[in-house]
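Trainee: Sharing a structure below in structure tokens format, with a few things to ask.
Bear in mind these aren't lab numbers, they're just calculated from the coordinates by the rules spelled out. Predicted, not measured: the structure shown is a model, and the values here were computed from it. Cβ coordinates were reconstructed from backbone atoms using ideal geometry, including for glycine residues, and neighbour counts include every protein chain displayed.
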Amino acid sequence: QVQLVESGGGFVQAGGSLRLSCAASGSIFGINDMGWYRQPPGKQRELVATITSGGNTNYADSVKGRFTISRDNAKNTGYLQMNSLKPEDTAVYYCNAHLITGVWKKQYSYWGQGTQVTVSS
């Protein structure tokens with residue numbers, strides 16, 4: 001069964017750091033774009049950062065200079081390093097990846113289960 005499993009969330013004080021991981025498992029032939037999204041309490045899900053298979057990155061303005069997205073293609077794993085965290089970064093963080101799977105090796109979008117990040121002031 002193909003799935004994305006996230007880890008690394010938790011509770012941290014403002015100014016602290018956390019590193020999220022997103023591991024893809026199952027019968028995977030490749031991974032194209034990967035991304036991190038977040039859903040703050042009472043708000044809609046929003047884009048945090050994306051990274052292409054070639055390593056090109058894109059960030060939401062609110063996290064530029066503080067967050068870094070990366071990936072290890074050999075491990076089928078993506079990461080989100082979050083530094084200088086602020087209370088407004090509090091949210092459930094979701095990993096998204098476009099995985100090439102199945103008999104016909106087609107691309108499908110998968111989501112992780114979400115991991116809570118809470119930043120106290």
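Trainee: Please give the residues of segment 1-27, grouped as numeric ranges, whose backbone N is less than 20 Å from a label point set 7 Å along the Cα-to-Cβ vector of residue 113.
Mentor: 1-11, 19-27
Trainee: Along its principal axes, what span do the Cα atoms of the chain show, with the longest given first and each in whole Å?
Mentor: 49, 25, 23
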